[in-house]
Amino acid sequence: MKRLINLKPASPWHLLLAVLPFALLLVLYLLGSDARLEANPADKLLPSFAQMGDAMERLALEPSKRSGELLFWADTASSLTRLGSGVAIAAMIGLVLGLLTGALPLVKAPLAPLLTVVSLVPPLALLPILFIVFGLGELSKVVLIAIGITPFIARDIQRSTMEIPQEQLVKAQTLGASTPQILLRVLLPQLMPRLIDAVRLSLGAGWLFLIAAEAIAATDGLGYRIFLVRRYMAMDVILPYVAWITLLAFVFDSTLARLNRRLFPWHAQGGR
Amino acid sequence: MIEARNLWKHYGDNVVLERVSLKVQEGEFVTLVGTSGCGKSTFLKMLLGTETPSRGALLLDDQPMRDEPDADRGIVFQQYAVFPHMSVLDNVIAARAFHNPGVTGYLFGQRHRLATTEAKNMLERVGLSQALHQYPHELSGGMRQRLAIAQALINKPRILLLDEPFGALDPGIRTDMHALMRDLWNQYKPTVFMVTHDLREGFYLGTRLLVFDKLRQDPHAPQAYGAGITYDLPVGQPGSIESTLPPALQLKSLPQTLPAVAFS
């Protein structure tokens, strides 16, 4: 018998082992749901898939009586707009901050300690301040996401910048390169794939801040909806919404990963 | 002419180099050998401008050398020597672009066409014309060093610094690289300083061999004294020099390489 650390699943088993937990959870849910609905057909805690389907059909395909919108799609659109603008702003500021602090010691000296401290402030604790300063509209939610993940991206890019071998910078200088030329041609292009990786890692936090902000003050959005229907214990809406958010997060993550491999083949190969 | 005047380098109490004085004429090919930690790399870094002398002066045409790397001095490192995000051709075009004033480091129009032609010629000379559009990670170690050399030479620097450029290559490939290096040196005539662990390389390739070693030893305080140049020999004529050396330095008694530094 080999040691446990040397035992690997054979390839057909690999897929099966990956699917198994999902199947198991599904079966458990179905059994639980059936048992509860058997005992009480009005049970709301574990709705059947048919009930969830009905609820989603109502939200996704029938215009709302009050606003005439398709609520599910309107929620998705406004949440993604908020998340997208927040993450885009954070990525841009983080990239510039990280590049400059990583490459220029004179910029790093005053900014790096500040950045470290700011990154330790819990962003959600700032939410009341953001509501006071920016009001309850879109701006405060976008700013929360941006504030929440900018320090992470900036520090990650700063670290990546400093990890680029010193030899390359010396080489560029011996070829006559000026500081802006080195920033733009040697460092920046090599940071782009790392920026995409940093964005992938920070999307989880981005969703967290988005849903928190929407739960507290919003009139639409995925987070707003699940917190709204919680009052009626509408698990038939909450569960599909959570699944939808998870699917969106998965799609973004894998799209960014694929984009990275496509655009920057030298990065995936551990370019030297 | 490059001149070192009573050069010292120490970090705190740790003396790395002491009393190094040297005159090198334009166009010489100087090889630097010595054990690990003997200060030859430190000397090269001072020539490069990434380290500054603690005492003494390093002069280029009687002017102190700039204390940061510049276009007078080209460099080829053992690794990380090229830009991984650019194709082979772009690596060399970028070298031309960096030579131009300009904020972005990109060339456009006529100047880009000119640089492309120059880069292609250079790459043909080092034997990379089949690999113009490949990325460095797709190249073998030897091809990557060829690229690094092409890049370093395209702006025709007066001084070319080589920091164990062939240390990570297989012996057969190393021989090809030696021939290439000789050719290019004959053609461009830069003043070359090459640090190497390979003593055969040191003897065969250069016109002048410098051996770095400690001039004096204190067994109780090994850091107290630094290394200097213990031998300064004209080389390059096979057979002529070797017999005049002390037995310990004679080629046949030497291992081909000194304890190799780890590389990844």
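Residue farthest toward the positive end of the dipole of region A:71-263, with Cβ of Lys/Arg at +1 and Asp/Glu at -1: which of A:Leu228, A:Thr101, A:Leu187?
A:Leu187
So which trypsin sites (Lys or Arg not before Pro) in region A:1-110 pass both tests, a DSSP loop state and at most 15 other Cβ atoms within 10 Å of the Cβ?
Working: sites: A:Lys2, A:Arg3, A:Arg36, A:Lys44, A:Arg58, A:Lys65, A:Arg66, A:Arg82, A:Lys108; in loops: A:Lys2, A:Arg3, A:Lys44, A:Lys65, A:Arg66.
Listed in order of number, the matching sites are A:Lys2, A:Arg3, A:Lys44, A:Lys65, A:Arg66.
Relative contact order for chain A: what is it in percent, counting Cα pairs under 8 Å that are at least 6 residues apart? Mind dumping the intermediate values first?
On the way: 253 pairs, mean separation 61.6, N = 272.
So the answer I get is 23 percent.
With a point put 7 Å past each Cα toward its Cβ, work out how far A:Thr255 is from A:Glu138 in nm, to one decimal.
1.8 nm
Starting at 0 and stepping by 10 Å, how many percent of the alpha carbon pairs of region A:71-263 end up in each bin?
The distribution over region A:71-263 is 9, 31, 30, 18, 8, 3, 0, given as percents.
Over region B:84-156, what lengths in whole Å, largest first, do the semi-axes of the equivalent ellipsoid take, defined as the square roots of 5 times the eigenvalues of the alpha-carbon gyration tensor?
Here the semi-axes work out to 20, 12, 11 Å.
Between chains A and B, what is the buried accessible area summed over both chains (1.4 Å probe, protein heavy atoms, nearest 100 Å²)? Could you put the intermediate results ahead of the total?
Values: alone 16780 and 13330 Å², together 27330 Å².
Result for this pair: about 2800 Å² buried.
Taking just the C-alpha trace of the protein assembly as shown, give me its Rg and Dmax in Å.
Both quantities, over Cα of the protein assembly as shown: 32.0, 104 Å.
Determine by what factor the alpha-carbon radius of gyration of region A:137-237 differs from 2.2 N^0.38 Å, reporting the quotient. Working shown, then result.
On the way: Rg = 20.6 Å, N = 101, 2.2 N^0.38 = 12.7 Å.
In units of the 2.2 N^0.38 Å rule of thumb, it is 1.62.
What's the magnitude of the charge dipole for the protein assembly as shown around its Cα centre, counting Lys and Arg as +1 and Asp and Glu as -1 at the beta-carbon? Answer in Debye, nearest 20.
Working: 50 positive and 44 negative charges, 32 e Å.
Value, rounded to 20: 160 debye.
Is region A:1-132 best put as rounded, prolate or oblate by its Cα gyration tensor, with a ≥ b ≥ c the root eigenvalues, rounded for a/c under 1.5, and otherwise prolate when a/b is larger than b/c, oblate when not? Let's see the in-between values first.
Numbers: a/c = 2.78, a/b = 1.33, b/c = 2.09.
Oblate shape, in that a/c is at least 1.5 and b/c is the bigger or equal ratio.
So how far apart, in nm, are the two label points at A:Arg36 and B:Asn121 if each is 7 Å from Cα heading toward Cβ?
7.9 nm
Tell me what chain A gives for mean residue ellipticity at 222 nm when only DSSP H runs of n ≥ 4 count, each as -39,500 (n - 2.57), the sum divided by the residue total, rounded to 500 deg cm²/dmol. Write out the running numbers ahead of the final one.
Details: 11 runs with 208 residues, N = 272.
Helix contribution divided over all residues of chain A: -26000 deg cm²/dmol.
Over the protein assembly as shown, what is the percentage of antiparallel beta bridges among all DSSP beta bridges, to the nearest 5?
Numbers: 22 of 41 bridges.
Around 55 percent of the beta bridges assigned by DSSP in the protein assembly as shown are antiparallel ones.
Over the Cα atoms of region A:161-212, what Rg and Dmax result, in angstrom?
15.9, 51
Which value, in Å² and to the nearest 10, is the accessible area of A:Met56 when all protein chains are kept and the probe is 1.4 Å?
In the full protein context, A:Met56 sits at about 30 Å².
Please identify the helices of chain A, taking whole runs of DSSP H, that span at least 27 Å along their own axis as judged from the Cα atoms and have a mean Kyte-Doolittle score of 1.0 or higher. Spell out each step's value before the answer.
Working: long enough: A:11-39 (43 Å, 1.31); A:71-103 (47 Å, 1.34); A:138-163 (37 Å, 0.57); A:188-216 (39 Å, 1.13); A:235-263 (41 Å, 0.94).
Passing helices, by number: A:11-39, A:71-103, A:188-216.
Expressed as a whole percent, how much of the Cα-Cα distance distribution for region B:14-157 exceeds 25 Å? List each step's numbers first, then the result.
Details: 4048 of 10296 pairs.
So the portion of pairs separated by more than 25 Å is 39 percent.
Please enumerate, by chain and number, the lysines with C-alpha under 25 Å from the C-alpha of B:Lys9, excluding those fewer than 8 residues away in the same chain.
A:Lys171, B:Lys23, B:Lys40, B:Lys45, B:Lys214
Short version: what are the Cα gyration tensor semi-axes of chain B, square root of 5 times each eigenvalue, largest first, in whole Å? Mind showing how you got there, number by number?
On the way: eigenvalues 216, 95, 56 Å².
Working through the eigenvalues yields semi-axes of 33, 22, 17 Å.
Identify, among B:Tyr225, B:Gly12, B:Leu58, the residue whose Cα sits farthest towards the positive end of the charge dipole of chain B, taking +1 on the Cβ of Lys and Arg and -1 on the Cβ of Asp and Glu, with the dipole about the Cα centre.
Selected residue: B:Leu58.
For a quick check of your reading of the filter: which trypsin sites (Lys or Arg not before Pro) in region B:165-237 sit in a DSSP loop and have no more than 10 other Cβ atoms within 10 Å? Could the numbers behind the result be given before it?
Working: sites: B:Arg174, B:Arg182, B:Arg200, B:Arg208, B:Lys214, B:Arg216; in loops: B:Arg216.
Of the trypsin sites (Lys or Arg not before Pro), the ones in loops of region B:165-237 whose Cβ has at most 10 other Cβ atoms within 10 Å are B:Arg216.
If you count, for every residue in B:86-99, the Cβ atoms of partner chains within 10 Å of its Cβ, what is the mean? Could the numbers behind the result be given before it?
On the way: counts 6, 1, 0, 0, 1, 1, 1, 0, 6, 6, 2, 5, 12, 3.
Shielding by partners across B:86-99 averages 3.
The values are calculated or read from the model by the stated rules, or taken from the named source; none is laboratory data. Fair warning: this is a prediction, and the values are worked out from it, not measured in the lab. Every residue, glycine among them, receives a Cβ derived from its backbone with ideal geometry; neighbour counts consider all protein chains shown. Remember, those area values only see protein heavy atoms, side chains included, never the ligands or the DNA or RNA. Shrake-Rupley method; radii C 1.70, N 1.55, O 1.52, S 1.80 Å.
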